[in-house]
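The values are calculated or read from the model by the stated rules, or taken from the named source; none is laboratory data. Everything numeric in this text was worked out from a predicted model, so none of it was measured. Cβ placement follows ideal geometry from the backbone for every residue including glycine, while neighbour counts extend to all protein chains displayed. The accessibility values were calculated without ligands, DNA or RNA, using every heavy atom of the protein model including side chains. Shrake-Rupley method; radii C 1.70, N 1.55, O 1.52, S 1.80 Å.
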Amino acid sequence: MQKNGYRIQFTSSRIKDLMYRTTFDPKKMDGDVILNLSLIDKKDLDDVLGIFKMVISSGLSVTPYVKIISEGESTGNLTIEKGKVGIGTVCSITIDGVLLKAGIPVNPKLGGVVQIRNGVPVRFTDVLTYVSTTVDPLEVLMSQGITSVSEMLRTGSGKILANLREAPMVARDEIESCLSDLLDAGFSGILEVGEPNTRVLDVPIERDHLGIVVIGGTNPMAVVQEYGISIDTSAMSRLISFKEMSRIEDLV
């Protein structure tokens, strides 16, 4: 399929490419991870970092690590323009890359909004499958203003961004071992691991598979947006060496 001479790439294809190129090793705390990158006004940096720290310390992110790119600095083919600052978080698709490198044939399925009630995830309320869109689902859903991450932080109930992947149930032991290694590395964004052949947060799972729900790496950006601060987010932006990232508490 082509548009204006360019070949359209569905998000599922881009995800698979990034998964294969992910080299992060949770035991060595080294390798390349996938970055969600946002641009903000330089004047808002302190406020945004404060919001990021609040969200991350509440567990509503993939990791506590972020990347700051100052005006004039470059990452890949992107140079941060004057008056702007780039701020990145680890994309949850990095977890899929780690599972894949461990020999687990994981299949990212969809991104969506999860309803949280009294601290407990209830169900997906809105979803977009990766094979049906050329734009990252969490970017789309965040732009619709239907999240209430800040309300969830205040009251324990609200709507957050998350995504779902499937994996063969025969690999359950390997999955749990790999997720444990990721947890030790600070990847605390695992929201729910379902039982085989069982719906996960009201979403059906393929036969002989289980579902894994991971908190979206763009939740801190969603809260910034909910606070009325201008932020331009590009999910699954690029790969970056994990060693270039810093813990949020070392920056704020």
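Here are some notes:
- Residue in the stretch 117-125 that is open to solvent by 20 Å² or more (accessible area, probe 1.4 Å), touching a residue at least 24 places away in the same chain (Cβ under 8 Å) and β-branched (Val, Ile, Thr) present: yes
- Unique residue being open to solvent by 20 Å² or more (accessible area, probe 1.4 Å), touching a residue at least 40 places away in the same chain (Cβ under 8 Å), touching a Leu at 6+ places or on another chain (Cβ under 7 Å) and on the phi < 0 side of the Ramachandran plot when the list is 152, 169: 169
- Residue count, the stretch 217-233 (criterion: open to solvent by 10 Å² or more (accessible area, probe 1.4 Å) and part of a loop (DSSP other than H, G, I, E, B)): 4
- Here the stretch 205-216 is the region considered, the condition is being among the hydrophobic types (A, V, I, L, M, F, W, C) and touching a helix residue (DSSP H, G or I) at 6+ places or on another chain (Cβ under 8 Å), and the residue that is surrounded by the fewest Cβ atoms within 10 Å (Cβ to Cβ) is 210.
- Apart from one condition, residue 159 fits all of (1) under 18 Å from the mean Cα position of the chain (by Cα); (2) at pLDDT below 95; the exception is (2).
- Pairing each residue of the stretch 186-210 that is modelled with pLDDT of 95 or more with any residue that is small (Gly, Ala, Ser) and assigned to a loop (DSSP other than H, G, I, E, B), provided the two are 6+ apart or on different chains, yields C-beta distances under 6 Å for 200/194; 210/194.
- Residue within the stretch 189-203 that is open to solvent by less than 50 Å² (accessible area, probe 1.4 Å), closer than 17 Å to residue 93 by Cβ and not in a strand (DSSP E or B) present: yes
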